[in-house]
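What follows is a single structure, written as structure tokens, with notes after it.
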Amino acid sequence: VVCLAVFFCNFLAAGPTVAIVKTTVDFLGPQGPDFSAHIAKISYFYSTTALCQGIGMLFWMPLIVKYGRRPIYVISFILYLATGLWCAFANTYGSELAGRIVMGLAAGAGECLGPLTIADIFFLHERGAVMATYTAALSMGVAGGIIIDGLITISYDWRYIYYIASTLIGGVTILVILTFPETTFNRHPQ
């Protein structure tokens, strides 16, 4: 579940870049002499998401230590699902950019929760293989997002990237809510 969660944390980070031209036309108008400047403006969607994923870890880490792993998994994935839907239905540049920023903050939780959860569950001699699997899922999230999103845009509008990703993230969110236990060991019983 942890590897699946981290896969989807990066799924929407760079995946929609395959439709940057269609997204630019949708938000900033048809191609013209200043189209390259418009492409650069739309690229903020993806760079701010990546930046906020890193910043999000600074936000989530104290909450993870204070409240535990499970509540933060649940809250961050519900927020990630909500921002995926927000971006799917955004009609203005500002709304889409704000959605992508909040999406990055929400997705950042998965990247710091994974290693903590692995450290909680596995013995030291078992962590190497599990961390390798986690790192592979982390890397494949971006690549998988780009490949799958490219296939989606062949036949459908770029917004279907968010519709399909939100459906998949919703499935993972339900899986996290129903099956994911708290992995922090309480050393001070009350």
Checklist outcome for this item: Scan of the chain for chymotrypsin sites (Phe, Trp or Tyr not before Pro) in DSSP loops with at most 13 other beta-carbon atoms within 10 Å gives a longest site-free stretch of 1-122
Checklist outcome for this item: A correct Kirkwood calculation over the Cα atoms of region 137-190 returns a hydrodynamic radius in Å of 13.7
Checklist entry - For region 78-190, with equal point scatterers placed on the C-alpha atoms only and solvent neglected, what are the log10 I(q)/I(0) values from the Debye formula at q = 0.18 1/Å, to two decimals? => result -1.05
Next on the checklist: Considering all projection directions equally, how large on average is the shadow of the alpha-carbon convex hull of the chain, in square nanometres?
Outcome noted: 11.4
Checklist entry - Roughly how many whole Å is it from the C-alpha centroid of region 130-190 to that of region 85-122? => result 10
Item to check | Net length gained if the chain between Ile147 and Tyr67 were fully extended (0.36 nm per residue, minus Cα distance) | outcome: 25.2 nm
Next on the checklist: Over the chain, with the other protein chains present, what is the accessible area per residue in square angstrom, probe 1.4 angstrom?
Outcome noted: 50
Item to check | Lys22 paired with Thr184, simple spin-label distance in nm, labels 7 Å along Cα-to-beta-carbon | outcome: 4.2
Next on the checklist: Can you give me the % of accessible surface on region 1-125 that is carbon or sulfur? Probe 1.4 Å, all protein chains present, nothing else counted.
Outcome noted: 73
Checklist outcome for this item: Here the residues of region 52-78 lying in the modelled label zone of Ile177, meaning backbone nitrogen under 19 Å from a point 7 Å along Cα-to-Cβ, are 69-78
Checklist outcome for this item: Treating only Lys and Arg (+1) and Asp and Glu (-1) as charged, each at its beta carbon, one finds that the chain has a dipole about its Cα centre, in Debye to the nearest 20, of 340
Item to check | Gained length - Met131 relative to Ser47, 0.36 nm times residue gap less alpha-carbon distance | outcome: 27.6 nm
Item to check | Kirkwood-type radius of region 44-143, with distances r between different C-alpha atoms, in Å | outcome: 14.4
Checklist outcome for this item: Magnitude of the Cβ-charge dipole (Lys and Arg +1, Asp and Glu -1) of region 115-190 about the Cα centre, nearest 20 debye, reported as 80
Item to check | Angle in degrees between helix 44-67 and the longest Cα principal axis of the chain, rounded to the nearest 10 | outcome: 20
Checklist entry - For the charge dipole of region 33-190, defined by +1 on Lys and Arg C-beta atoms and -1 on Asp and Glu C-beta atoms about the Cα centroid, which residue among Phe45, Ile154, Thr179 has the Cα displaced farthest towards the positive pole? => result Thr179
Checklist entry - Tell me, what % of the accessible area of region 147-190 is carbon and sulfur with a 1.4 angstrom probe? => result 66
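The values are calculated or read from the model by the stated rules, or taken from the named source; none is laboratory data. These numbers were taken from a predicted model, which means no experiment stands behind them. Don't worry about glycine lacking a Cβ; one is built from the backbone with ideal geometry, like all the others, and counts go over all protein chains shown. Ligands, DNA and RNA are stripped out before the accessible areas are found, and what is left, the full protein with its side chains, is counted by its heavy atoms. Shrake-Rupley method; radii C 1.70, N 1.55, O 1.52, S 1.80 Å.
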